[in-house]
Amino acid sequence: MHALRSWSIATLFFVGFTGATPAAVAAQTAETQLQGAWAAYEYLLADGARHAVRGRIIFTSGDWQVLFFVMDGDEPRRGSGEGGRYTIEDGLVTFEHLFHLSVGDEMAGLPASPLTLTARSGTGPLEPTDLEIDGDRLTLRFPSGNAMMFTRSSN
């Protein structure tokens, strides 16, 4: 399932030549594949509800930022801007949440959400999230059981 777990001959040579651990090489490879901008297109909720989304998630070396809107046709009904730091290990990206702004109407599978503003200066809560990259497609499966799907927007 994890496209990130496949090993090339070059990767195996690198591991043997440098003494790097396979986990360290996999994490570095996953981070390299993840870096750039991804366009959000679908939000699949644990209860089976599906929603179109618009927005971007951007990964740099160790930092992430997302802005997305849950759509009702052409109208945004909910929105969230979040960001912080991240790490990758064993097919999981662990998001550290430092910044969060969200608000939204009730939609299928989603209760109404009052305006929320959070800006931490130290450390934030961690969210270990299953990470799947398959070519130009990214799926994030959150601990809640929800998943969000993206296509590569830029490197």
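The values are calculated or read from the model by the stated rules, or taken from the named source; none is laboratory data. Being a predicted model, the structure only gives us computed values, none of them experimental. Ideal geometry is used to build each Cβ from the backbone, glycine not excepted, and the neighbour counts take in all protein chains shown. With ligands, DNA and RNA removed, areas are computed over all heavy atoms of the protein, side chains included. Shrake-Rupley method; radii C 1.70, N 1.55, O 1.52, S 1.80 Å.
Descriptive notes on the structure:
- Scanning segment 76-95 for residues that are surrounded by 20 or more Cβ atoms within 10 Å (Cβ to Cβ) and in contact (Cβ under 8 Å) with a residue 24 or more places away in the chain yields Arg78, Gly84, Tyr86, Ile88, Val93, Phe95.
- Flag for Ser102 being small (Gly, Ala, Ser) and over 16 Å from the mean Cα position of the chain (by Cα): yes
- Close pairs (8 angstrom Cβ cut-off, 6 or more residues apart or separate chains): at negative phi in segment 56-69, outside any strand (DSSP E or B) and not basic (Lys, Arg) anywhere: Phe59/Glu31; Phe59/Leu34; Phe59/Gln35; Thr60/Gln35; Ser61/Glu31; Ser61/Gln35
- Filtered by the rule that a residue be among the small types (Gly, Ala, Ser) and either on the phi > 0 side of the Ramachandran plot or touching a residue at least 24 places away in the same chain (Cβ under 8 Å) (or both), segment 104-155 gives Gly104, Ala108, Gly109, Ser113, Gly124, Gly135, Ser144, Gly145, Ala147, Ser153, Ser154.
- Condition broken by Glu31, with the remaining ones in (1) closer than 30 Å to Leu117 by Cβ; (2) open to solvent by 70 Å² or more (accessible area, probe 1.4 Å); (3) modelled with pLDDT under 95 satisfied: (2)
- If the condition is being surrounded by 12 or more Cβ atoms within 10 Å (Cβ to Cβ) and in contact with a helix residue (DSSP H, G or I) (Cβ under 6 Å, 6 or more places away or on another chain), then segment 116-155 contributes only Ile133.
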